[in-house]
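The values are calculated or read from the model by the stated rules, or taken from the named source; none is laboratory data. Here the structure is a predicted model, which means the values were calculated and not measured. FYI the Cβ positions are ideal-geometry reconstructions off the backbone, even for glycines, and counts take in every protein chain you see.
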Amino acid sequence: MSTRIAFLKGHGTENDFVIVPDPENTLDLTPAAVAALCDRRAGIGGDGVLHVVRSAAHPEARDMAGEAEWFMDYRNGDGSVAEMCGNGVRVFARYLQHAGHVGEGDLTVATRGGVKRVHIAKHDSGAGDVTVGMGRALLPEGEVTVGVGARSWPARNVNMGNPHAVAFVDDLAHAGDLYTAPPVGPEGTYPDGVNVEFVVDRAPGHVAMRADPSYRRLVALRGDVQEV
């Protein structure tokens, strides 16, 4: 039996998401259902699903309900559960504003990576910039390698509420087409999966980054952003 699900699409810095409003957490979003929604050929298409739930209605967020009314139950495009997504939080906040749940100014959003503080800037059109405080990056110890074909590079563990393996390379082309997940070692380092980024040092305070095709954009540290 099919189920009708209300949804919206949201875009943030070249990430796109299927937004599923479900304040009382009544939907059973199985991994297969999420993957079907995110399928770009047979479904709606998206990098992930933003399941919009009141914190008090979700067992993973009830202990955060005193700090944040809303919980971003984020799912990756393959249906797996994820702790956090920075662009996802921004789109999530914009949806809350669009739906009339919040206004301009500061708000908090519960995630599996903790409570994130978001700011919706005032704007005459009602669509001011949305920024999120991601918190300080954690740098867990341990040697990690990332490979593409016959090449491999040492990578740095970085945790922003979800895990990342960041490899510095000489040329972003070394990342290949990225349609196949790069192998990360040693085996078992990231039992729940990991985001992999390939980074080139462009200049002091300026780096360019590639991840998977949907994340093919840039990142900047104290400098200009360069799109790749």
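Quick one: count up the residues across segment 145-174 that are of a type in the set (Val, Ile, Thr) and either outside any strand (DSSP E or B) or in contact with a Gly (Cβ under 7 Å, 6 or more places away or on another chain) (or both).
Selection size over segment 145-174: 3.
Here is a yes/no grid of residues against (1) outside the structural domain of residue 101 (by TED's automatic domain parsing); (2) modelled with pLDDT under 90; (3) surrounded by 14 or more Cβ atoms within 10 Å (Cβ to Cβ):
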site: 123; (1), (2), (3): no, yes, no
site: 127; (1), (2), (3): no, yes, no
site: 149; (1), (2), (3): yes, yes, no
site: 156; (1), (2), (3): yes, no, yes
site: 164; (1), (2), (3): yes, yes, yes
site: 170; (1), (2), (3): yes, no, no
site: 179; (1), (2), (3): yes, yes, no
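Based on what the data block shows, is residue 53 free of Cβ contacts under 8 Å to residues at least 40 places away in the same chain and crowded, with 17+ Cβ neighbours inside 10 Å?
Judged against the criteria, residue 53 is a match.
Take the residues in segment 204-224 that are surrounded by fewer than 17 Cβ atoms within 10 Å (Cβ to Cβ) and part of a helix (DSSP H, G or I), then tell me which one is modelled with the lowest pLDDT.
Out of the qualifying residues, it is 214.
Quick check: is even one residue across segment 26-43 touching a helix residue (DSSP H, G or I) at 6+ places or on another chain (Cβ under 8 Å) and buried (at least 17 other Cβ atoms within 10 Å of the Cβ)?
no
From the list 187, 227, which one is under 24 Å from residue 143 (Cα atoms), in a loop (DSSP other than H, G, I, E, B), at pLDDT below 90 and of a type in the set (Asp, Glu)?
Of the residues listed, the single one that is under 24 Å from residue 143 (Cα atoms), in a loop (DSSP other than H, G, I, E, B), at pLDDT below 90 and of a type in the set (Asp, Glu) is 187.
Quick one: residue 201 ticks every box in (1) over 27 Å from residue 72 (Cα atoms); (2) assigned to a loop (DSSP other than H, G, I, E, B) except a single one, so which number is it?
(2)
Among the listed residues 28, 47, 106, which satisfies the condition of being of a type in the set (Asp, Glu), closer than 26 Å to residue 192 by Cα and free of Cβ contacts under 8 Å to residues at least 60 places away in the same chain?
28
Looking only at segment 47-85, count every residue that is at pLDDT 95 or above and assigned to a loop (DSSP other than H, G, I, E, B) and tell me the total.
Result for segment 47-85: 9.
Being more than 20 Å from residue 211 (Cα to Cα) and under 15 Å from the mean Cα position of the chain (by Cα) narrows it down to one of 53, 109, so name that one.
Selected residue: 109, the only one of 53, 109 that is more than 20 Å from residue 211 (Cα to Cα) and under 15 Å from the mean Cα position of the chain (by Cα).
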